[in-house]
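What follows is a short report on a single structure.
The values are calculated or read from the model by the stated rules, or taken from the named source; none is laboratory data. As the structure is a prediction and not an experimental result, all values here were calculated from the model. All Cβ positions, glycine included, derive from the backbone under ideal geometry; neighbour counts span all protein chains shown. Just the protein is used for accessible areas: all its heavy atoms, side chains included, with ligands, DNA and RNA removed. Shrake-Rupley method; radii C 1.70, N 1.55, O 1.52, S 1.80 Å.
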Amino acid sequence: MKIQPVRGTHDIYGDKLNSYKFIEQTISKLANIYDYKEIITPIFENTNLFKKPLGEHSDVVLKEMYTFDDRNDSSLTLRPEYTTPMIRAAISNNLLDKLPAKLFGFGPMFRRERPQKGRYRQFNQINLEILGVEDSFADAEIIILANEFLDKILTNKKTKLFINSLGDHKTIDKYKKNLTTFFEKYRNDLSEESKAKIHSNPLRILDSKDERDIYLFTNSPKLKDFYSDSALHKFEEVKSLLLKSKINFEIDNNLVRGLDYYCHTVFEFKSDEIGSQDTIIGGGRYDGLTKLLGGPDIPGVGWASGIERLAMLSKTFEEEQSLIHVIILNERFKGYGFNFINNLRKNNIKTTFDYKYNLKKSLSKANINQAKFAVIIGEDEVNNNTFSLKSLFEGSQKAMPENEIIKLLKQ
Ligand code: HAM
């Protein structure tokens, strides 16, 4: 068997790489318009950065982190997500002295999940965060940015936005207790996986796709019955701002997200065209997280998106072909051809040379690549200090000095 990449990882090249680049360039331009600053943080961090904020009982911390001992026995973890490292970096570098801090970035994340379509163990995320703003304007703004981003990169609108509010942290605690009591009562009707979460992580049961669990949801306590007045007001405000911007969305009161740090607004953009791993953007508010990481007590809101999933829906791009193939008829003319090829490239002309010194083979390759021109270098050309430009579409051929060829090809 051929050597393969590690299970759950993949190589990115050709058309797929072009899509990735397009996606990254689009978000960079948009983030700049919305006044975000780019940041790049290390791929590994101290393990403690993730454990508590993401939730000791979350799937990510329990099963999916790539954690290893460094040589001095400290525990390191390949970042499974970008929000906590970004906040850590903002604290470490005093970026929170002036608020709001609006940060964005992209790069690889690592989670040891079961690989399947749209789910990898090393995947690439785009991540945007607004730190220091309590105003619902920020929640709505970041959702609108996500929507505009999808409009720009998808061939047509194939996504649906779901939103919910988790209320404040007190709401969430109260709701979790009620859910635990309810699910404990119906323990025997739950799936095995959900049974294990009754006490440790009852919110996650609401994410279950198991029929037995879903059946119970009809009568389970509803989050909206636990909102405080201020949480309700905040949710109404986010909804009304979104309505103003004419964005379509659906309220999903069971949307709770997989990481522990969320409160108030949570949202997901989903697509029904990419299989079961259908969330392409996920995010929400995380007031309290910055304080938990040792920074000031400031609120935050943000989202992340998997580039692999975006690329499955995005416009595609064919690789740019080289227009010019240089053909050197004999190795004796290598030095003459070498200088010419260097000069073309110095003039920013994309040039292909196949190192073959064989007219037939090289012409056939130029034709396969749909090159527009071949430049042929043989005895006559070297003696007359010229180069023969052959149009591969028309078949015509003309000997010319180097400066004329460069002038013509640059047009
Ligand atoms: P998340 O929902 O864990 O949230 O991940 C966000 C997005 O990353 C998902 O919607 C999906 O597109 C992509 N993704 C996650 N896991 C994988 C995987 N194994 N393979 C491919 N793509 C994947 C977060 O990470 C939060 N930090 C989002 C956030 C930012 N919340 C506030 N700010």
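Summary of values
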{"read-out": "Matching residues, region 119-135, being near the ligand (Cβ under 10 Å from one of its atoms) and either β-branched (Val, Ile, Thr) or more than 24 Å from VAL61 (Cα to Cα) (or both)", "value": "ILE126, ILE130"}
{"read-out": "Options LYS152, LYS160, LYS197; residue that is crowded, with 16+ Cβ neighbours inside 10 Å, touching a residue at least 12 places away in the same chain (Cβ under 8 Å) and charged (D, E, K, R)", "value": "LYS197"}
{"read-out": "Subset tally (residues that are under 17 Å from the mean Cα position of the chain (by Cα), open to solvent by 50 Å² or more (accessible area, probe 1.4 Å) and closer than 16 Å to THR84 by Cβ) for region 17-63", "value": "3"}
{"read-out": "Filtered residues of region 293-326 (kept if within 30 Å of LEU389 (Cα to Cα), open to solvent by 40 Å² or more (accessible area, probe 1.4 Å) and out of contact with any helix residue (DSSP H, G or I) (no Cβ under 8 Å at 6 or more places or on another chain))", "value": "GLU320, GLN321"}
{"read-out": "Answer residue from region 81-118, given it is buried (at least 18 other Cβ atoms within 10 Å of the Cβ), under 20 Å from PHE50 (Cβ atoms) and not hydrophobic (A, V, I, L, M, F, W, C) and is farthest from the ligand (Cβ to nearest atom) among those", "value": "ARG88"}
{"read-out": "LEU329 vs. criteria under 30 Å from ILE377 (Cβ atoms), crowded, with 16+ Cβ neighbours inside 10 Å and either modelled with pLDDT of 95 or more or not polar (S, T, N, Q) (or both)", "value": "yes"}
{"read-out": "Entirely in region 195-311, the helices (runs of 4 or more DSSP H) that have 3 or more residues that are closer than 28 Å to PHE137 by Cβ and of a type outside the set (A, V, I, L, M, F, W, C)", "value": "229-244"}
{"read-out": "Among (1) within 12 Å of the ligand (Cβ to nearest atom); (2) not assigned by TED's automatic domain parsing to the domain that holds TYR120, the one test that LYS222 misses", "value": "(1)"}
{"read-out": "Region 279-298: number of residues that are within 12 Å of the ligand (Cβ to nearest atom) and under 23 Å from LYS239 (Cα atoms)", "value": "9"}
